[in-house]
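Note sheet for the following structure.
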Amino acid sequence: MIKRTWMIPLFSLALSCAASAQTPSHDQRAFETEQKMTDDERFAMLFSLMGVNGVIQVRDPLIPARAPMSAGYVSGVPRLRVPALIMSDGSLGITNPGYRKGDTATALPAGLVLGSSFNPQLARAAGAMLGREARSRGFNVQLAGGTNLTRDPRNGRNYEYLSEDPWHSAVLVAETINGVQSEGVISTIKHYTLNVNETNRHWLNAIIDPAALRESDLLAFQIAIERSQPGAIMCGYNKVNGEADCGNNHLLNDVLKRDWGYKGWVMSDWGATQNWDFALKGLDQESGAQFDKMMWGDEYFVGPLKQAYAQGKLPKERLSDMVRRMLRSIYAGGVDQWGPSPKVDMASDNQIALDIARQGIVLLKNEGVLPLAADTTARIAVIGGYAQLGVPSGAGSSTVLPPGGYAAVVTIGGSGIMAGGRNLYLLPSSPLAELKKVLPKAQIEFDPGQNPAEAALLARRSDVVIVLGVRAESEGFDSPSLALPWGQDAVIQAVAAVNPNTIVLLETGNPVTMPWKDSVKAIIQAWYPGQAGGQAISEIIVGKVNPSGRLPITFPADLAQTPRPELAGLGTPWGTPTTVRYDEGAEVGYRWFAKTGAKPLFAFGHGLSYTTFSYSDLSVTGGETLTAAFTVTNIGQREGADVPQVYLTQAAGDTRMRLLGFERVELKAGESRRVTVTADPRLMARFDAGVDRWRIAEGSYSVALGKSAVAPVLTGAASLKPRLF
Ligand code: BGC
């Protein structure tokens, strides 16, 4: 028996050694295939075509009839068994903005919900779900991995992203990408980089100190790429320091490909290729070529690139490199080896959407009113926010058509190319209906929240009020302010004035201001909670689920506290060249608040639970990097999850706030766990642009173990050796 257990591993080890000796590497295979190609075959791979949707009216003849319509189709080379690439959005589910009649998919909660869960395993599950649902439709590239830092709380796309912190964003997005790619589907990471405002995004020049960029947005990409090797990276619309993201020699050739050794390919965002010479500056593929023609007058990687090659302006070696990078990702991802499609179980995918909402909804404030007893017979008013219909989702290329279709679509519109898709999409998970299920004995009444006086009438004769605040956020638009729209603040104020047990439920894609904060008993930040959002909300309200979400983005008290009280370009006509200075550099979000001493409305990392956690026995060791070990104990009465956070607060005499690590810990009442966090040394270092390396100054480094960026519980310090790496 013993002999057998030893024999099997040895035998299989021998086999796998023999196999690896014979199997060419992905680079080698890519090299060999590319060498066999004709130039026409090479050029055919360098652009993608958009399928027919509301904007593109005619199916390009290059897209075969059997290919599913989607955001991008890239020709393959059948004689060399190079598959066509069929690309679908996005990070929150498999989208269908009119490409395929009736094709619905699991609509995940917003990225900020996943971010609030601080749970990388959940990100992995979400990614694998995206991979399975993509592959079952024949999509072998998923345009997922949205990971721009939420630098500006007005940014209309923040809901798609994960957080304002590079480490947090990188750890979570890497797991999403790993999940997608575990199903044999290539994932992108996007949008590289500093695509952090939507106002005039195609004409936006983002100005930032290059070293600070390395310590913030670029660090998020760098760490995520190291941890997940996404097959492709999507460059953004904006310029960085005067050069277009997709034609940025420094960011693409120097940083991404040379310094980081990235081996996959760079595809442009749709409508971001403005010249064939972007190929010389590091762009490998033009996306949605028809879109570039609409925007900039040509399909640059179709005709003009070929012409440049014929004229000797595009070197043969570069052409080969572009193709090899794509082939390498195809081989590394196993996209050429697809067997039968993985089984998609929509019920278990719904469970993933539900779990993200359960773990990502954040309880911001609770003065003893929550949870409501499940058997309460109280009169409960539910007011506003289309709670009778469903929960909102963000708008833009990431919007997912859920099973059964939208509960309703409220047209919003505006100007610019994205105006047609700027809607408030309601996913059919009605908080009102779900509350009725979990509170069967309560007398629940609904008021639409159209009129403060009318809402107050119901609030006055209710024991408890749950009043909603919703906001429609969309790709292509930034918000002019942090206020709730449509007079909802007035409704909340009117309700709170007549009912002392008012609970505010926010379904927004960004932080909002809360002029009524002190007059309400509880505030729940549900973000855009996805297709099972209503259920998760109701479970949290009755305590069936103990809230455990933590804010991944700072809630400012007002815009004056943020680095840009005025946003350049806001209010100008679409298409106005705009320069935005990101002078906060690497001091994004909570780091900015630490630097300026401003007191946020709710801090990064904040979130309440129905139980209580204590921290003890913090030990901090130094040397090459910092390691913090500590014990977390659930000292309350019920099971729950905590997210202890370790921050750097002082670095060799320099006051500097950095999230060094976190862990989501699930504990039964009375249970303890020892947690160890080892910091990535780049989080203690400064990027020295003079030598293009990270530098750790010798000295003492202080850390705080806390419940948020402003709630330290234990502190410690250790010395680090000087390092240049
Ligand atoms: C978005 C991308 C998306 C692409 C394709 C663009 O508008 O910025 O995130 O992947 O469209 O739909």
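Yes or no, residue by residue, for (1) touching a strand residue (DSSP E or B) at 6+ places or on another chain (Cβ under 8 Å); (2) open to solvent by less than 40 Å² (accessible area, probe 1.4 Å):
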{"residue": "207", "(1), (2)": "yes, yes"}
{"residue": "211", "(1), (2)": "yes, yes"}
{"residue": "237", "(1), (2)": "yes, yes"}
{"residue": "249", "(1), (2)": "yes, no"}
{"residue": "259", "(1), (2)": "no, no"}
{"residue": "274", "(1), (2)": "yes, no"}
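I need the full set of residues from region 54-89 which are more than 15 Å from the ligand (Cβ to nearest atom) and under 22 Å from residue 294 (Cα atoms), in order please.
Passing the criteria: 57, 58, 59, 60, 61, 62, 63, 75.
Give region 144-170 a look and list any residue that's within 21 Å of residue 708 (Cα to Cα), more than 16 Å from the ligand (Cβ to nearest atom) and over 8 Å from the mean Cα position of the chain (by Cα), or say none.
Answer for region 144-170, where residues must be within 21 Å of residue 708 (Cα to Cα), more than 16 Å from the ligand (Cβ to nearest atom) and over 8 Å from the mean Cα position of the chain (by Cα): 151, 152, 153, 164, 165, 166, 167, 168, 170.
Select, from 375, 349, the only residue that is of a type in the set (Asp, Glu), more than 16 Å from the ligand (Cβ to nearest atom) and not in a helix (DSSP H, G or I).
Testing whether each residue is of a type in the set (Asp, Glu), more than 16 Å from the ligand (Cβ to nearest atom) and not in a helix (DSSP H, G or I) leaves just 375.
Given 565, 600, which one is touching a helix residue (DSSP H, G or I) at 6+ places or on another chain (Cβ under 7 Å) and free of Cβ contacts under 8 Å to residues at least 12 places away in the same chain?
One residue alone meets the criteria, 565.
Among the candidates 539, 584, which residue alone is more than 16 Å from the ligand (Cβ to nearest atom), in a helix (DSSP H, G or I), among the acidic types (Asp, Glu) and more than 21 Å from residue 413 (Cα to Cα)?
That would be 539, the only listed residue that is more than 16 Å from the ligand (Cβ to nearest atom), in a helix (DSSP H, G or I), among the acidic types (Asp, Glu) and more than 21 Å from residue 413 (Cα to Cα).
For the subset of region 516-560 comprising residues that are surrounded by fewer than 24 Cβ atoms within 10 Å (Cβ to Cβ) and of a type in the set (S, T, N, Q), which member is farthest from residue 640 (Cα to Cα)?
519
Under 6 Å by Cβ, and 6 or more places apart or on different chains, what pairs join a residue from region 360-382 that is among the basic types (Lys, Arg) with one that is surrounded by fewer than 21 Cβ atoms within 10 Å (Cβ to Cβ) and not in a strand (DSSP E or B)?
So the pair list comes out as 379/463.
Show me the strands (runs of 3 or more DSSP E) entirely contained within region 378-458 in which 1 or more residues are open to solvent by less than 60 Å² (accessible area, probe 1.4 Å) and within 18 Å of residue 542 (Cβ to Cβ).
The strands (runs of 3 or more DSSP E) meeting that bar are 379-383, 391-393, 443-447.
For the subset of region 95-111 comprising residues that are surrounded by fewer than 23 Cβ atoms within 10 Å (Cβ to Cβ) and away from the ligand (no atom under 16 Å from the Cβ), which member is farthest from residue 609 (Cα to Cα)?
Only one residue tops the list, namely 101.
Looking only at strands (runs of 3 or more DSSP E) that fall completely inside region 155-237, which ones have 3 or more residues that are closer than 16 Å to residue 269 by Cα and in contact (Cβ under 8 Å) with a residue 12 or more places away in the chain?
The strands (runs of 3 or more DSSP E) meeting that bar are 186-192, 232-235.
Sort through 92, 114 and tell me the only one that's within 14 Å of the ligand (Cβ to nearest atom), open to solvent by 10 Å² or more (accessible area, probe 1.4 Å) and of a type in the set (A, V, I, L, M, F, W, C).
92
Given the conditions (1) under 28 Å from residue 497 (Cβ atoms); (2) within 16 Å of the ligand (Cβ to nearest atom), and given that residue 471 satisfies all but one, which numbered condition is not satisfied?
(2)
What number of residues within region 144-154 satisfy the criterion of being touching a strand residue (DSSP E or B) at 6+ places or on another chain (Cβ under 7 Å) and part of a loop (DSSP other than H, G, I, E, B)?
4
Just to be sure, is residue 124 touching an Asp or Glu at 6+ places or on another chain (Cβ under 8 Å), of a type in the set (D, E, K, R), surrounded by 23 or more Cβ atoms within 10 Å (Cβ to Cβ) and under 27 Å from residue 536 (Cα atoms)?
no
Can you find even one residue in region 692-715 that is in contact (Cβ under 8 Å) with a residue 24 or more places away in the chain and assigned to a helix (DSSP H, G or I)?
no
Where residues in region 74-105 are assigned to a loop (DSSP other than H, G, I, E, B) and of a type in the set (A, V, I, L, M), which of them is farthest from residue 176 (Cα to Cα)?
84
What number of residues within region 276-294 satisfy the criterion of being surrounded by fewer than 18 Cβ atoms within 10 Å (Cβ to Cβ), touching a residue at least 12 places away in the same chain (Cβ under 8 Å) and either within 16 Å of the ligand (Cβ to nearest atom) or closer than 27 Å to residue 57 by Cβ (or both)?
Residues that pass the stated criteria total 1.
Given the conditions (1) within 16 Å of the ligand (Cβ to nearest atom); (2) crowded, with 24+ Cβ neighbours inside 10 Å, which single one is not true for residue 218?
(1)
Looking at 48, 70 in this structure, which one is at pLDDT 95 or above, of a type in the set (Ser, Thr, Tyr), surrounded by 13 or more Cβ atoms within 10 Å (Cβ to Cβ) and in contact with a helix residue (DSSP H, G or I) (Cβ under 9 Å, 6 or more places away or on another chain)?
48
Of the numbered conditions (1) surrounded by fewer than 24 Cβ atoms within 10 Å (Cβ to Cβ); (2) over 14 Å from the mean Cα position of the chain (by Cα); (3) more than 16 Å from the ligand (Cβ to nearest atom), residue 203 satisfies every one except a single condition; which is it?
Result: residue 203 passes all but (3).
The values are calculated or read from the model by the stated rules, or taken from the named source; none is laboratory data. Just so you know, these numbers come straight off a predicted model, no measurement behind them. As a convention, Cβ positions derive from the backbone with ideal geometry for all residues, glycine included, and neighbour counts pool all protein chains shown. Surface areas here come from the heavy atoms of the whole protein model, side chains and all, with no ligands, DNA or RNA. Shrake-Rupley method; radii C 1.70, N 1.55, O 1.52, S 1.80 Å.
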